[in-house]
Amino acid sequence: VLFRSEHGQKNPATRGVIEDMADAVKRADAIVRELLDLSKPTIGKFAPENPNEVIEAALGMTRLEFERCGVSVVRDFFTDCVVAQMDRAKISQVLVNVFTNACHAMRTGGTLTVRTRVRTIGTEEMRREAGSRRSLRFHPGDPVFELDVEDTGPGVESEDTSILFAPFFTTKPAGEGTGLGLTVARNIVDAHGGTIKLRNRAEGGLRVMMQFKVSNSREAKRSE
């Protein structure tokens, strides 16, 4: 900032070079941070959080990005009080990444729909998913908080949407993405004992689905 203020004001060409240098430093910093999270996400102290409030705060952080891309946000939130043990900062990191990715998939405008609900895991659905990542984290009778994030973008060409979690894989133009955001996001969700999945929507766009255990089960039983 000091270098920019002292030298950037005198010469437009110099100012442009300084801005490019600053952008490069920001990208390098983001890559280093994501590489550190990729190797082992540093999870702070878990605390009881209302997931809806964490989601709303993350939507606020990406509001300018929504406005820049002409994206409208539709909220369909579970309204009763629910509590989950979370590292708020890390879950916010996951959500901001997911919301930003959705915006970049809708560069000419679209709709981002965010839905939440709480329900109880059933025996039959766990039987169907025997051996999956989800079956290792949840059991029949567990109350879970579910978050679906849907965009109206083009979706993913490959039917194997799990490829998006592969390190360094990105669908963004060169220089715009590190290909680590979703890999880090899954590591963070895993560290919370949750799950995250991606799926193309039949009507177009992508759906991101997350699940977390909740601490209070009364609401989940009422929403079965």
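The values are calculated or read from the model by the stated rules, or taken from the named source; none is laboratory data. None of these values were measured; they are calculated from a predicted model. As a convention, Cβ positions derive from the backbone with ideal geometry for all residues, glycine included, and neighbour counts pool all protein chains shown. Just so you know, the surface numbers come from the protein's heavy atoms only, side chains and all, with ligands and any DNA or RNA stripped out. Shrake-Rupley method; radii C 1.70, N 1.55, O 1.52, S 1.80 Å.
Observations on the model:
- Within the stretch 35-46, being surrounded by fewer than 19 Cβ atoms within 10 Å (Cβ to Cβ) and either in a helix (DSSP H, G or I) or at pLDDT 95 or above (or both) holds for Leu35, Leu36, Leu38, Ser39.
- Considering only residues in the stretch 64-77 that are among the hydrophobic types (A, V, I, L, M, F, W, C) and open to solvent by 60 Å² or more (accessible area, probe 1.4 Å), the one that is modelled with the highest pLDDT turns out to be Val74.
- Top-ranked residue in the stretch 134-174 [being more than 18 Å from the chain's Cα centre (by Cα) and at pLDDT below 75; ranked as most open to solvent (accessible area, probe 1.4 Å)]: Glu159
- Selection over the stretch 78-123 of residues that are in a loop (DSSP other than H, G, I, E, B) and open to solvent by 30 Å² or more (accessible area, probe 1.4 Å) gives a count of 7.
- The residue list Ile43, Ile55, Ile121 contains one member that is in contact with a Gly (Cβ under 9 Å, 6 or more places away or on another chain) and under 24 Å from Ser162 (Cβ atoms), which is Ile121.
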